[in-house]
Structures are given as structure tokens and as C-alpha cells.
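Following: one structure in C-alpha cells, then a few remarks.
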Amino acid sequence: MDYFPVFLKGSSLKVLIVGAGEVGARKLELVLKSTQNITIVSPWVCDAVKHLVAENNLQLSQREFVEDDLNDKNIVFVATDSESTNRAVHHLATQRNLLVNVVDNTTLCEFITPSIVDRSPLIIAMSSGGIAPVLLRYIRQKLEALIPANIARLGTFSEKFRDSVKQSLNTVTQRRYFWEEVLDGQIAEDVLQGNDIKAETDFAIALAAHAKGEKTQGEVYLVGAGPGDPDLLTFRALRLMQKADVVVYDRLVSPAIVELVRRDAQKIYVGKAKSKHTIPQEDINQLLVDHAKLGHRVVRLKGGDPFIFGRGGEELQTLVEQGVAFQVVPAITAASGASAYSGIPLTHRDHAQSVTFATGHLRDDSINLDWPALVNTHQTLVFYMGMTGLEIICRELINHGMPSDMPIAIVASATLAHQHVVTGTLTDIKAKVDAADIKPPALIIVGTVVTLREELNWYQPTTDDGIFKREYQ
């Protein structure tokens with residue numbers, strides 16, 4: 001982050017605004033939402049500033065800025081139309097280690113004012129670092145429409161009972177769970193509807209129950225992270241990721257998705273790391289049990305869909321045996337993501353009337369599949385975890401009757417900006433993959449639907465320098 005987000009206590013602010021034109025008026029209006037300890041210095045003052053000064057009894061010095069104006073101030077806004085004045089004030093303020101903002105000049109800003117959605121006491125502040133103000137306004141408009149105006153009721157309600165909850169529940173985790181249940185449930189609905197008496201009565205009952213420790217064991221959420229693009233997460237997946245105390249994830253979960261996890265959650269990586277062995281599945285299963293029994297909310301975050309070659313069923317069996325509660329959140333599986341983002345439909349009336357998902361990596365590291373059943377020219381085959389055995393897969397399909405010129409595609413890092421697709425036939429795909437230096441994670445798609453890619457390919461990922469990646473046809 002180029003800018004560190006922080007909220008400053010309004011009652012501690014001592015603000016100087018240099019410049020009293022229309023731009024200065026806008027900054028003055030904003031600062032007045034937090035404090036009236038404001039001094040304005042400017043030889044010329046617009047009507048809007050005059051009105052705000054009179055209405056709020058502010059200190060106005062109608063003259064040129066002098067260095068002593070910085071005395072006893074801790075934050076400075078500079079909004080004059082004189083570049084030399086702006087630079088001079090910035091120089092003097094930074095010499096005193098003051099926070100200074102020269103309006104519309106980010107290079108002279110030690111801080112920037114964010115775009116704000118104000119539902120006091122709930123405040124949402126956003127920034128693009130001055131790079132994309134139009135996009136920021138667009139996002140703010142979306143949030144303004146999404147968040148009810150009366151959401152402030154919940155903030156006031158929470159503030160009213162904050163101390164009583166703190167006295168009744170000993171740990172931060174207990175308090176968090178309690179408040180999340182309140183805000184997710186009927187009590188919050190009653191508050192928003194103005195049913196305060198009912199809400200307060202139900203709140204007291206719920207708090208007493210939690211104080212008795214009636215709900216101590218945590219829960220495991222088996223969450224599909226999808227094929228990689230964070231935009232393809234489900235709303236429920238994102239909500240649970242934001243509530244988790246512990247997140248257990250593997251190498252198929254993209255860094256951009258891990259970034260969406262609650263900041264103070266414990267993140268445990270259980271994938272294969274360089275020079276280390278993969279953590280045994282049994283150990284992962286027990287890890288989920290142990291953390292849940294400590295009272296944690298545990299998200300087991302898995303690439304794709306947890307029930308499609310994600311070993312989700314094995315993990316849940318252990319939870320059932322140990323009496324741990326769980327929920328399952330499905331996701332877009334890797335096959336669907338790779339198919340959609342490579343322009344290769346998995347089914348098509350002229351090509352494939354069925355689709356089969358198969359694994360190219362069994363428990364014993366073999367690829368001992370029912371090859372005769374897989375050889376069907378009117379279906380699409382998708383192999384997960386098949387890159388190591390690509391040569392064997394192609395050979396066995398041909399040996400069991402599939403045409404050697406059957407189209408095949410390899411889709412690596414599907415849905416991500418560095419997605420890479422290689423197409424060919426069963427006889428030449430291995431050489432093309434080697435030439436392209438394709439690395440897992442990648443899926444294999446076999447079938448005549450692959451020929452539709454040239455017509456239907458819509459997604460054009462780019463390299464970091466903006467040049468389209470070369471694709472091997």
C-alpha cells in the first residue's frame with residue numbers, strides 16, 4: 001500500500017486550512033464533520049467559507065499565510081491557486097513533521113482524504129491513491145446504494161451494549177462470535193426496523209445464554225475458493241472468510257483470494273512448499289478438528305469446488321467422527337473456470353452430449369483409469385492433476401481407440417491474469433506443452449469442443465507489460 005489507512009480522533013485535531021476559495025470550502029465542510037478546532041488563513045474568502053465560519057464560530061485570518069500559522073497545529077490543508085504558496089506551506093509543514101495535504105497535488109501530500117460513505121458511527125473510507133478518482137466515485141455510489149441509510153441504528157445499538165457484553169464475556173473470541181450472531185440475526189433486523197424494545201429484550205436473553213458457555217465448540221466451513229479469480233467467489237464464501245478465526249488453505253488458492261481473508265485470522269498453509277513435503281491429509285483433517293475444539297471458526301479454503309477432487313469428503317468424514325459441526329460452501333470448479341475462460345464449452349449439441357471429470361493422479365500415484373469408458377467421441381473429458389501423467393493419458397486414450405488427432409487443450413492458471421492455453425492433438429500436445437514450459441496447476445480438456453476455442457475465445461490475459469501472451473496452437 002502506498003498509503004496507510006488510519007482514522008484520526010476528531011477531538012484531537014487542530015486544523016489549519018490555507019486558502020478559502022471553493023476548494024477550501026469543500027475541505028472545510030469535510031473537516032467540520034469531525035472537529036471545529038479549525039483556523040482558516042486566506043487574503044480572499046469565498047461566500048461559502050464566510051457562511052461556514054459564521055455558522056460555526058471559526059477563526060478566520062483574512063491575510064497571507066505566515067509560518068507562525070503552523071503553531072499548535074497537527075494537520076494542514078493547502079488549497080490556494082498559487083503553486084509557490086502551496087510548495088512553501090508544504091515545505092514548512094513537513095519540516096515540523098505535520099501532516100499536510102496540498103489539494104490536487106498528490107506529490108505534495110503526506111496524507112490524502114478518502115472517499116467517504118458516512119453512516120455515523122459507521123464510517124467507510126476508500127482511496128485509489130489519487131490514481132482512479134472516477135472509479136472510486138463509482139464504487140462509492142454502489143456502496144451508498146447497498147448500505148441502508150438506517151444502518152447507523154446498529155452502530156448506536158452496538159455502542160449502547162458494548163460495555164455489558166465486555167463484562168459478561170471474557171475473551172475477544174467469545175465477544176466476536178456473539179456480536180456476529182447478533183448482527184446476522186433477527187435482533188439486528190428489529191433494530192433496523194425500529195423495534196428497539198424487542199431487540200433489547202432478545203439481546204439480553206442471548207447475552208445471558210452466551211455467558212453461561214452454552215456454545216463453546218467452534219465450527220468448520222469447507223469453502224470452495226473457485227478457479228482463482230477473486231471475482232468468482234460466492235458471496236457466502238467471502239462472508240465466511242471474513243468471519244474466520246483460522247484459515248487453512250493450499251497452493252491452489254490464489255494469493256488474491258487469501259488477501260480477502262480477515263486480517264487478524266490465523267492463516268495456515270498446508271500445500272506443497274519448496275524443499276518440503278506436502279502435509280499428510282490425515283494431519284490436515286486433525287488440524288481442522290483441533291482448532292474447532294478450541295472454539296475457533298475454521299475455514300478450510302480449497303481451490304475450485306471442495307467436492308470435486310478436493311478431498312472435501314475425506315475431511316468431513318473426520319469431522320463427523322470427532323463430532324465437529326461443519327458447513328459446506330460450493331464453488332465454481334476448476335473445470336468450469338478453465339472451460340469458460342478458454343472459450344471451450346464442455347458440452348455442445350454438435351460435439352459433446354456429456355462431460356466426464358477424471359483425476360490424473362490416484363491415491364497410489366497411478367493412472368489406472370477405466371480407459372474404455374473414457375473413449376467416447378461424443379463426450380468431453382476433463383483431467384484434474386494430470387500434467388505429470390500427460391504423456392500416459394494421451395497414449396492410453398489412443399491405445400483404447402480414441403483418434404490420435406483428437407483435439408486437446410491444456411489450460412494453466414485458469415481465470416487469472418497469467419492464464420496460459422496450449423492446444424493440439426493427442427499426438428503432439430506433449431511436445432507443445434514442453435515448448436511452452438507449462439507448469440501446474442493446469443487442467444486437460446479432451447474432445448472436439450476444443451476446436452471451438454478459435455471462435456469463442458474471449459479472454460485475453462496479458463503479461464505485466466501489457467503484451468498478449470503467445471499461445472501455442
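Each listed q (0.16 Å⁻¹) maps to a log10 I(q)/I(0) for the range 116-166 from the Debye sum over equal C-alpha point scatterers, namely -0.56. Tell me whether the range 335-456 comes out rounded, prolate or oblate; compute the Cα gyration tensor, take square roots of the eigenvalues as a ≥ b ≥ c, and use a/c under 1.5 as the rounded threshold. Rounded, since a/c falls under 1.5.
Among DSSP beta bridges lying fully in the range 10-113, give the percent that are antiparallel, nearest 5. Walk me through the intermediate numbers first.
Values: 1 of 17 bridges.
Close to 5 percent.
For the chain, the relative contact order is 9 percent, taking Cα pairs closer than 8 Å that sit 6 or more residues apart in sequence and dividing their mean separation by the residue count. Note on the range 335-456: antiparallel DSSP beta bridges, both residues inside, total approximately 70 percent of the bridges counted. Computed from backbone phi with θ = phi - 60° and the Karplus coefficients 6.51, -1.76 and 1.60, the 3J(HN,Hα) list for the range 187-202 is 4, 5, 4, 5, 4, 5, 8, x, 8, 5, 5, 5, 4, 5, 5, 5 Hz; x is used for glycine and proline.
In terms of its C-alpha gyration tensor, the range 219-332 comes out rounded, because the ratio a/c of the largest to the smallest axis stays below 1.5. The phi-based Karplus calculation (6.51 cos²θ - 1.76 cosθ + 1.60; θ = phi - 60°) puts the 3J(HN,Hα) values of the range 16-28 at 10, 10, 9, x, 9, x, 5, 5, x, 4, 5, 5, 4 Hz, whole numbers, x for Gly and Pro. Give the angle, between 0 and 90 degrees and rounded to the nearest 10, that separates the Cα long axis of helix 133-146 from the longest principal axis of the Cα atoms of the chain. The helix 133-146 is inclined about 80 degrees to the chain. Rounded to the nearest whole Hz, the Karplus-based 3J(HN,Hα) values (6.51 cos²θ - 1.76 cosθ + 1.60, θ = phi - 60°) of the range 243-250 follow the sequence 9, 5, 8, 10, 10, 9, 9, 10, with x at glycine and proline. Taking amide H atoms as placed 1.01 Å from N in the peptide plane, the amide H of Thr425 lies under 5 Å from those of Ile408, each 5 or more residues away in sequence or on another chain. Taking the C-alpha atoms only, the angle from helix 47-56 to the longest principal axis of the chain is near 80 degrees. The angle separating the long axis of helix 152-168 from the principal Cα axis of greatest extent in the chain is about 80 degrees. Projecting the Cα atoms of Gly303, Gln322, Ser254 onto the dipole axis of the range 219-332, where Lys and Arg carry +1 and Asp and Glu carry -1 at the beta carbon, places Ser254 farthest toward the positive end. Our note on the geometry: Cα centres of the range 376-419 and the range 197-274, 35 Å apart. In this structure the amide hydrogen of Lys267, modeled in the peptide plane, comes within under 5 Å of the amide hydrogens of Val247, none closer than 5 places in sequence on its chain. Maximal additional length on extending the Thr35-Glu454 stretch stands at 144.7 nm, based on 0.36 nm per residue less the C-alpha distance. Spacing of the modelled spin labels on Arg263 and Ile151, each 7 Å from Cα toward Cβ, amounts to 1.7 nm.
Give me the percent of DSSP beta bridges within the chain that run antiparallel, rounded to the nearest 5. The answer is about 35 percent antiparallel. Need one word for the range 405-447: rounded, prolate or oblate. Basis is the Cα gyration tensor (sqrt eigenvalues a ≥ b ≥ c); a/c below 1.5 gives rounded, then a/b vs b/c decides. Oblate, since a/c reaches 1.5 and b/c is not below a/b.
All of the numbers you see were taken from the coordinates with simple rules; none came from a lab. None of the values given here were measured: they were computed from a predicted structure. Every residue, glycine as well, gets a Cβ built from its backbone with ideal geometry; the counts of neighbours run over all protein chains shown.
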